[in-house]
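Undergrad: Pasting in a structure now, in structure tokens, and then I'll have a few things to ask.
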Amino acid sequence: MRQRIRRACFQGAVFALGKLPHRTKVRLRQSPAHSAYLGLMDRISNGLPEDAYVIRGGPLIGSRLIVDPNRFDRRCLFGLHEPAVADMLIEHCRTGYTAVDVGAYCGYFTLLLAKCVGPNGRCLAIEPNPVNAGRVRQAVRLNDLARVEVIESAVTDHDGAMTFLLEPTGTMGRLAGTVDDTMAFADAIEVSGRALDSVLDELQVEKVDLVKIDVEGAEDLVLDGFRRRLERDRPILMIEVHAFDPPEAHARPLTRRLKDLGYHVVDVATRTELDPDRFAGGHILGLAKPATSSRAHDTITV
């Protein structure tokens with residue numbers, strides 16, 4: 001009985017916060033009241049099980065997602081999960097596109113990309129963590145997304161078995177050897193590793209239009225295994241460039257690499273073209289320059 005009451009209170013709080021205007025939510029997160037809100041939500045959600053919950057705010061309102069109310073991913077239910085990234089994806093991902101979510105986690109952005117491409121498009125969700133891949137599959141079924149395919153694999157520079165390090169929560173992790181492995185990890189599991197070019201060929205993807213990448217420091221490996229399609233298809237890229245390593249060791253060389261490949265690189269936070277020499281990490285949008293393609297998305301419209 002107590003848990004049912006707590007669940008009802010949690011869902012009521014989600015509903016109430018979800019109804020607030022987006023700007024009000026942003027101001028709340030930046031205000032001193034945010035810590036009090038977090039404490040209240042922690043008390044309400046304490047002990048609630050991972051389950052299917054209805055998203056009550058943001059671009060996916062009404063969709064259902066598998067969420068553990070005790071973790072940070074509950075913010076997906078309010079429409080507060082990386083809103084700047086969501087806005088950019090909505091602006092650039094179009095009906096009929098083939099979109100790929102590399103590092104799908106719980107499937108929030110998979111659902112968003114599926115909504116953007118519509119029934120005539122196609123969406124691939126790739127996730128190495130078996131627990132998370134299961135959550136994404138459930139979300140796909142709950143939302144009746146026939147055009148979404150879930151691939152349980154790590155994306156890297158070659159096909160083969162890989163070691164994947166799990167953080168204590170069991171939901172976050174990264175490939176061994178990509179960044180500082182001295183951080184605390186609870187477990188190491190073996191996962192399938194695939195080059196993105198191989199995955200796209202195997203699934204007979206004629207052309208890929210947009211790729212979202214969130215791989216906890218393995219961004220270069222993803223690009224290494226995606227060279228052929230990257231040069232041929234010139235897709236839009238949404239990449240979270242992680243800052244585990246010093247900027248000159250990872251973030252800046254990665255953005256210079258994209259520029260060398262003929263991409264405009266936009267800082268998602270500021271919506272301005274990025275200077276690699278001053279970049280330390282964060283979300284970036286890559287748009288192929290007009291000189292290499294005539295597709296409509298090849299101009300900066302951010």
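Undergrad: Quick one: count up the residues across region 70-88 that are buried (at least 19 other Cβ atoms within 10 Å of the Cβ) and without any contact (Cβ under 8 Å) to a residue 24 or more places away in the chain.
TA: Going through region 70-88 one residue at a time, the tally reaches 1.
Undergrad: Kindly evaluate F15 against the criterion of being touching a Ser or Thr at 6+ places or on another chain (Cβ under 8 Å), outside any loop (DSSP other than H, G, I, E, B) and not assigned by TED's automatic domain parsing to the domain that holds D209.
TA: no
Undergrad: Restricting attention to region 147-193, which residues are β-branched (V, I, T) and either within 25 Å of T110 (Cα to Cα) or at pLDDT 85 or above (or both)?
TA: V148, V150, I151, V155, T156, T163, T169, T171, T178, I189, V191
Undergrad: Here's something else I'd like to know. Scan region 82-106 residue by residue and report those that are under 12 Å from G58 (Cβ atoms) and in contact with a Gly (Cβ under 8 Å, 6 or more places away or on another chain).
TA: Selection gives P83, A86.
Undergrad: So, in region 22-38, how many residues would count as being within 18 Å of P59 (Cα to Cα) and over 23 Å from the mean Cα position of the chain (by Cα)? Can you show your working first?
TA: Taking region 22-38 and keeping what is within 18 Å of P59 (Cα to Cα), we get 22-26.
Applying the additional criterion that residues be over 23 Å from the mean Cα position of the chain (by Cα) yields 24.
Final tally of qualifying residues: 1.
Undergrad: Still on this structure, I have one more. Please pick out the residue among R137, R232 that is over 16 Å from the mean Cα position of the chain (by Cα), surrounded by fewer than 21 Cβ atoms within 10 Å (Cβ to Cβ), assigned to a helix (DSSP H, G or I) and not aliphatic (A, V, I, L, M).
TA: Numbers: R137 fails: over 16 Å from the mean Cα position of the chain (by Cα).
Only one candidate qualifies: R232.
Undergrad: Are any of the residues in region 37-50 in a helix (DSSP H, G or I), within 26 Å of V148 (Cβ to Cβ) and not hydrophobic (A, V, I, L, M, F, W, C)? Lay out the reasoning, then the answer.
TA: Initial filter on region 37-50 (in a helix (DSSP H, G or I)): 37-45.
From what is left, the residues that are within 26 Å of V148 (Cβ to Cβ) are none.
No; the residues of region 37-50 include none that is in a helix (DSSP H, G or I), within 26 Å of V148 (Cβ to Cβ) and not hydrophobic (A, V, I, L, M, F, W, C).
Undergrad: Related question: Identify all residues within region 241-287 that are among the aromatic types (F, W, Y) and in a strand (DSSP E or B); write none if there are none. Working first, answer last.
TA: From region 241-287, those among the aromatic types (F, W, Y) are 244, 263, 279; that's our starting set.
Hit for region 241-287 is Y263, nothing else.
The values are calculated or read from the model by the stated rules, or taken from the named source; none is laboratory data. In this text, all values refer to a predicted model and were calculated from it rather than measured experimentally. FYI the Cβ positions are ideal-geometry reconstructions off the backbone, even for glycines, and counts take in every protein chain you see.
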